[in-house]
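The values are calculated or read from the model by the stated rules, or taken from the named source; none is laboratory data. From a predicted model like this one, the values you see are computed outputs, not experimental measurements. Note that each Cβ is placed from the backbone with ideal geometry, even for glycine, and that neighbours are counted across all protein chains shown. For the accessible areas, the whole protein counts, side chains as well, though only heavy atoms, and no ligand, DNA or RNA atoms are used. Shrake-Rupley method; radii C 1.70, N 1.55, O 1.52, S 1.80 Å.
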Amino acid sequence: MGANNAVESDAVANAASPKVVKLSKHMDKVVKLRADAGDYYRQIEIGGRDRLYSLIGEVYAIYYSVMQQDKESSFRDQLLAKLKELQTPVEMSKTAKLSNALVRYVFHADDKQVSIWARAVRGAYALPNRPTTVGEFVAAVHAQDGALSGFKDPTRAKGASTTVALKPSDAVSMLENSGEPLAEVDEFEWIGKQEYRILIAIRGEGDEATLKEIPLSDDQRDKLLVDYLRNKNAAEKAAKVTVDPKIKIQRLALTTAKVNAEMAVAVAQEQLVTAKAARPKDDHSALEHVVKLAKSNFDIAAKALNAAKKK
């Protein structure tokens, strides 16, 4: 019990009022934890399970604090950069979970360990009685059937396929009937230094509209807006690419005219070359005029086709 208390992290935030901790301080702690994990690696493998649970508990404490401050994406990006700076660089997806990046960096872990230990961090955070200290995390581990392997991944719905499409109406219904239903917006008040918020209008039985707010972190709101703009721009671009059938027919006709004009130029030039070779002293001005006219027709056809392509 004393050993557990000795490793309690100062990064643990109060559940009711999260402590604001600079990300640089968390990063310094992560770097130190990586060194500690290296020192204890052999002991852990031999049988120091409680020490392992405490180390992962300290990682959980950092995860808890960062999540409470809605800084998940920012801190994850810093960790991914740290992984690339290692003597043996580690590449992880830009969309990797914060828990995975933390475990991979601190414990020099392989994919299997990352999967199990990071899932334990996320699973503990998703518990109804969410641990707020290293000691509480260790107790939660011991309470699981299978210890660290016993935690369920909160990002995966039980028995659900990750490829099943969810209808917007279903999503709204699920949110409305969840444990934390959407908050109705009566009087709008800004929170902190927010620059914008995202509201949803829900249609009532009498066609009245009720404004409600989806609980999103700053990072989630930013991502939602960026994704919306990206999809909107892609749709507009696709709409511009759609060509009217009449214009397609016109372009085909002009392409054919250009090809025919190009062939006419080639034929006229060949006739002129042949005539000059056979009768070098004769007057070939008539054939030269034909070549000039063919080239002029080709230029006209090419310009008409280019203009049609811009429509």
With all protein chains present and a 1.4 Å probe, the order of D111, D153 from largest accessible area down is D111, D153
Using protein chains only and a probe of 1.4 angstrom, how many square angstrom of K303 are accessible, to the nearest 10?
150
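Under the 0.36 nm per residue contour assumption, what length would be gained going from the current alpha-carbon distance of Q220 and L252 to full extension?
Details: separation 32, 0.36 × 32 = 11.52 nm, distance 4.78 nm.
My answer for the length gained is 6.7 nm.
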Estimated FRET transfer efficiency when R0 is 30 angstrom, pair D145-V31 (beta carbons, to 0.05)
0.30
Treat each spin label as a single point 7 Å out from the Cα along the C-beta direction, and report the I202 to D111 distance in nm.
4.2
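For each pair in K232/K309; K32/K94; K19/K223; K71/K94, compute the distance between the two Cα atoms and list the pairs where it is over 18 Å. Don't skip to the answer; put the middle values down first.
On the way: K232/K309 24 Å; K32/K94 24 Å; K19/K223 25 Å; K71/K94 15 Å.
Beyond 18 Å between Cα atoms: K232/K309; K32/K94; K19/K223.
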Can you sort H108, H289 by solvent-accessible area, 1.4 Å probe, largest first?
H289, H108
Once Lys and Arg are counted +1 and Asp and Glu -1 for all other residues with Cβ under 12 Å from that of A261, the total becomes +1
Please list L23, L211 in order of solvent-accessible area, largest first, computed with a 1.4 Å probe with all protein chains present.
L211, L23
